[in-house]
Structures are given as structure tokens and as C-alpha cells.
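See structure below.
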Amino acid sequence: MASRETARETGLVEITPEVLLKAYACGIFPMAENADDPSLYWIEPEQRGVIPLDGFHLPRRLARTVRSDRYSVHVDRDFAAVLDGCAAPGKGRSRTWINARIRSLYTRLHEIGYCHSVEVYDGEKLVGGLYGVRLGRAFFGESMFHAERDASKIALVHLVGRLRAGGFRLLDTQFVTDHLKSFGAAEVSRRHYHKLLAHAIADEADFGALPLDRPVSGADILGYISAD
């Protein structure tokens with residue numbers, strides 16, 4: 001796991017969806033050491049990863065793929081399957097931090113409308129996606145996966161378009177990877193992150209500004225990303 005300050009969750013205070021949302025509002029989030037460890041850690045990195053919504057970098061080849069609508073993209077169609085995909089071992093990831101408690105907590109957050117999945121389908125087959133938590137005008141990306149080339153990238157592009165359409169101000173990636181850097185992700189100090197967070201959760205955004213019950217075309221999504 002990436003370098004971080006941690007505090008093991010002792011079990012003295014039950015972590016409920018409400019406690020979890022308060023933690024996000026304070027700039028901390030939970031992780032497990034691995035899928036078999038029932039314990040959770042509260043994480044607050046010294047350097048926080050963010051993707052500036054007004055500085056999102058979209059490679060031309062990926063833009064063409066998104067515009068082609070080769071894949072259909074749905075929101076909250078099968079949240080459990082996205083969790084499964086994110087928890088499954090993959091290239092460069094032999095273990096996962098998504099344990100049973102993480103699954104239960106974020107499923108409950110999803111049920112009360114604070115956690116969403118963006119899902120990419122080839123026909124009826126789920127081939128990639130991501131999930132994360134929304135709070136105010138902030139969206140906290142938790143994990144993503146792909147089973148076909150570009151699928152998780154397409155999910156991210158659709159997420160950014162939706163966030164821009166809905167008036168969001170902060171896209172938190174927790175940490176920065178080389179993969180995320182290619183989209184404009186950067187590290188900010190803890191102090192600066194807290195300023196961004198305070199501003200973002202002071203007001204409400206609309207995750208449903210674009211339809212939730214049907215796919216949005218790639219052309220429409222790209223229109224929101226390129227809008228000034």
C-alpha cells in the first residue's frame with residue numbers, strides 16, 4: 001500500500017454509513033490491509049491525489065473511442081458486480097484491500113444514495129467500471145477495474161463528464177498513479193486538500209444532472225468535458 005498515516009480501527013466505535021460520510025468530510029477514508037483481514041484502517045495521506053475537473057487531460061485516441069460508443073456506459077446498474085470486479089486480482093494486483101466490511105459499508109452507502117458505480121458494457125457483458133462516494137460537490141474515487149482495453153478509462157471519462165455537468169468541484173483519487181497522471185492527476189498537500197474539501201462540501205451538486213436510467217452518449221459526455 002502507498003505511504004500513509006494510519007490508525008487501526010479498534011471496533012470500539014461502529015462504522016456506520018453516517019460515520020463514514022463524516023470521515024470523508026474530515027479528509028479520511030478506510031482501507032483494509034487485504035481481503036482476508038477483518039480490520040480497517042483510517043487513512044489520511046500527507047499528499048492527496050486529485051484530478052482537476054477543469055484540467056482533465058483526455059488523449060485523442062481515447063476521445064475517439066468514447067465518441068464511437070463501442071461500449072455502453074451505465075450508472076448504478078450493477079453496483080455489486082463493480083465491487084466484485086474491483087476486488088478481483090488483476091495485472092499488477094495479486095491482492096485486494098476490499099474485504100467483507102468494505103463491501104458491506106459501501107453497499108449500504110450505495111443503498112442510501114451516496115455511493116455510485118459507473119459501468120462499461122460490451123453488449124450485456126460488464127467489462128470495466130469504477131465506484132466512489134459523493135458528498136456535497138466532491139466525489140471520492142475508490143477503485144476501478146477493466147477486463148477489456150480502455151474500459152476503466154472510458155468509465156473515468158464518463159464520470160468526469162457527469163461531474164462537470166452536475167456542478168462538482170473536487171475529484172479525489174486518494175493517491176496518484178502513473179495511470180492517473182496521464183489524465184492530469186496531481187498531488188496536493190494535506191493542508192491544501194482540506195481547503196479544497198471544505199469548499200466542495202459547503203454546497204450541493206447534482207450527480208443526476210445527466211440521466212441515471214439510460215446510457216449517455218460519448219459525444220454528449222465529451223461536450224461537457226470540453227466545455228469552458
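What does the charge count near residue 104 come to, summing +1 for each Lys or Arg and -1 for each Asp or Glu among other residues with Cβ under 13 Å from its Cβ?
Here the count lands on +1.
Suppose R0 equals 25 Å. What FRET efficiency, 1/(1 + (r/R0)^6) with r the Cβ-Cβ distance, do residue 100 and residue 212 give to the nearest 0.05?
On the way: r = 28 Å, r/R0 = 1.12.
After rounding to 0.05, the efficiency reads 0.35.
Can you list the HN-Hα couplings for the range 14-27, worked out from phi with the Karplus curve (6.51, -1.76, 1.60; θ = phi - 60°), rounded to whole Hz and with x for Gly and Pro?
5, 8, 10, x, 5, 5, 5, 5, 5, 5, 4, 5, 9, x
Starting from the Cα-Cα distance between residue 187 and residue 81, subtract it from 0.36 nm times their residue separation and give me the gain in nm to one decimal.
Numbers: separation 106, 0.36 × 106 = 38.16 nm, distance 3.01 nm.
Full extension of this stretch gives 35.2 nm more.
Dividing the convex hull volume of the alpha carbon atoms of the chain by its residue count, what do you get in Å³ per residue?
Spelled out: Cα convex hull of the chain, divided by residues, is 116 Å³.
Sort 82-88, 151-157 by packing, meaning the average of other beta carbons within 10 Å per residue, with the highest value first. Walk me through the numbers on the way to the answer.
On the way: 82-88: 20.6, 151-157: 24.9.
Put in order of decreasing packing, that is 151-157, 82-88.
Given a 1.4 angstrom probe, I'd like the percentage of the accessible area of the range 152-228 that is carbon and sulfur, rounded to a whole number.
That share works out to 49 percent.
Just order 197-210, 137-150 by mean Cβ neighbour count inside 10 Å, highest at the front, would you?
Highest to lowest by the protection proxy: 137-150, 197-210.
Give the average over all directions of the projected area of the C-alpha convex hull of the range 60-140, one decimal, in nm².
That works out to 6.7 nm².
With a ≥ b ≥ c the root eigenvalues of the C-alpha gyration tensor of the range 167-227, is it rounded (a/c under 1.5), prolate (a/b larger than b/c) or oblate? Before the final figure, lay out the partial values.
On the way: a/c = 2.66, a/b = 1.40, b/c = 1.89.
Oblate is the answer for the range 167-227, as a/c is 1.5 or above yet b/c matches or exceeds a/b.
Roll a 1.4 Å probe over the protein chains and send me the accessible area per residue for the range 167-228 in Å².
56 Å²
Determine ³J(HN,Hα), in whole Hz, for all residues of the range 199-209 in sequence, where each value follows from phi through the Karplus function 6.51 cos²θ - 1.76 cosθ + 1.60 and θ = phi - 60°; x replaces Gly and Pro.
Karplus-based 3J(HN,Hα) across the range 199-209 equals 5, 6, 8, 7, 9, 9, 10, 10, 5, x, 4 Hz.
The values are calculated or read from the model by the stated rules, or taken from the named source; none is laboratory data. What you see is a predicted model, and the numbers here were worked out from it, not measured in a lab. Every residue, glycine among them, receives a Cβ derived from its backbone with ideal geometry; neighbour counts consider all protein chains shown. We work out accessible area using only protein heavy atoms, side chains counted, and drop any ligands, DNA or RNA first. Shrake-Rupley method; radii C 1.70, N 1.55, O 1.52, S 1.80 Å.
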